[in-house]
Amino acid sequence: MYKVGDIIDGYRLLHECGTGAYGTVFRAENDATGEIVALKVVYAMGTHYDREIKGLIKYRERCSHRNLMAIHHVAQFENGIYYTMNLADNLSTGGDYIPDTLANRIRKHGVLSSDAIIQMGLEILEGLEVLHSHGLVHRDIKPDNILWINGQAVLADIGLMADNGQTTLAGTPGFISPALLNGNGKADMTDDLYALGKVLYCALTGNAVRDFPHFPETRTLTGAGRVIRAYTAACEKYSPIRTVADFRSRLQNDRVGKSRSWKTLGGYFALLCLLLLILGKVINYMQTKSIAEPQPHLSKELYKSYGQAADDTAF
């Protein structure tokens, strides 16, 4: 097993960023160029190894987006493979390195603001849209797998990624949909959206996912309505959120609704002004016509007298 201080193909392992059942991610430096990268080591143990390699190949071939983790150098070593990625921003203000992940933000600050959560959600949805459009599902969306690179939220860790509808139960407890837990189907795009709903809940409340849907008494509801409605809908048993577009519309709903309401009000006001203008012209036309034309109830002689009197009055 590799550890901090070891060298892999010229990459010196500087810091352990995170470890899981299938591998370890390090902050590493290329001895030749000085480039600092994230380097993941995956050991050749069990069926997960073949799965990760297959997922890695599909991902590199199909997916490229600023909100998806970019995979750079891939190579084999005696006991497995490793690949390099962009390094997450540094959340630490001191001399150490703390990867800027959502999990670390929650640990450091407790909660995110509603605006920050909406921005993060929309950016992750951008990446998911690309992933789903290529027939792939992530299957492990959680706070540890959302990080920031150059200020952009990025979906990372493709170790459990698979073809849409082609695989069964996998993921992290609490973020797995009830349908999968009950054995009612195979993982599909809606399972990613369910997991993202749980992520938004954790980011807003600071709670562990097991506490869903409890809302802490100390957390203010002000400005949080849009986030709450989005994650509640995403995690319903019969969720109306079936696509990335559905989820996006929920997060944008208030903003879009206000925009549309102002546009509608402006349209009605313009129409009212036009109707008043037309009405004014009609009234003016009728008044002019009533003076200029003979009155139908007057005889010809009386009309002549009336016209003459009007002329005299005018002068």
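For segment 64-80, which residues satisfy the criterion of being outside any strand (DSSP E or B) and buried (at least 20 other Cβ atoms within 10 Å of the Cβ)?
Listed by number, the residues that qualify are ASN67, MET69.
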Study note, to complete from the structure: Subset of segment 216-245, residues open to solvent by 30 Å² or more (accessible area, probe 1.4 Å), touching a Ser or Thr at 6+ places or on another chain (Cβ under 9 Å) and without any contact (Cβ under 8 Å) to a residue 12 or more places away in the chain, comes to THR222
Review point. What do you reckon, is TYR83 part of a loop (DSSP other than H, G, I, E, B), over 22 Å from VAL244 (Cα atoms) and of a type outside the set (Asp, Glu)?
Key: no
Check your understanding: Within segment 9-50, restricting attention to residues that are open to solvent by 60 Å² or more (accessible area, probe 1.4 Å) and β-branched (Val, Ile, Thr), which residue is nearest to the chain's Cα centre (by Cα)?
Key -> THR19
Exercise for review: Out of the residues in segment 19-32 that are touching a Phe, Trp or Tyr at 6+ places or on another chain (Cβ under 9 Å) and touching a residue at least 40 places away in the same chain (Cβ under 8 Å), state the one that is nearest to ASP6 (Cα to Cα).
Suggested key: ALA28
Check your understanding: Here are some residues: THR218, THR168, THR172, THR190. Which one is at pLDDT below 85, touching a helix residue (DSSP H, G or I) at 6+ places or on another chain (Cβ under 9 Å) and of a type in the set (Ser, Thr, Tyr)?
Key -> THR168
Check your understanding: Looking at segment 110-149, which of the residues that are crowded, with 19+ Cβ neighbours inside 10 Å and among the polar types (S, T, N, Q) is nearest to LEU193 (Cα to Cα)?
Key -> ASN145
**Study point:** Candidates LEU200, LEU196, filtered to the one that is closer than 18 Å to ILE118 by Cβ, assigned to a helix (DSSP H, G or I) and either open to solvent by 50 Å² or more (accessible area, probe 1.4 Å) or in contact with a helix residue (DSSP H, G or I) (Cβ under 6 Å, 6 or more places away or on another chain) (or both)
**Key:** LEU200
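The values are calculated or read from the model by the stated rules, or taken from the named source; none is laboratory data. Predicted, not measured: the structure shown is a model, and the values here were computed from it. Every residue, glycine as well, gets a Cβ built from its backbone with ideal geometry; the counts of neighbours run over all protein chains shown. Protein only, heavy atoms only, side chains kept; ligands, DNA and RNA dropped before computing areas. Shrake-Rupley method; radii C 1.70, N 1.55, O 1.52, S 1.80 Å.
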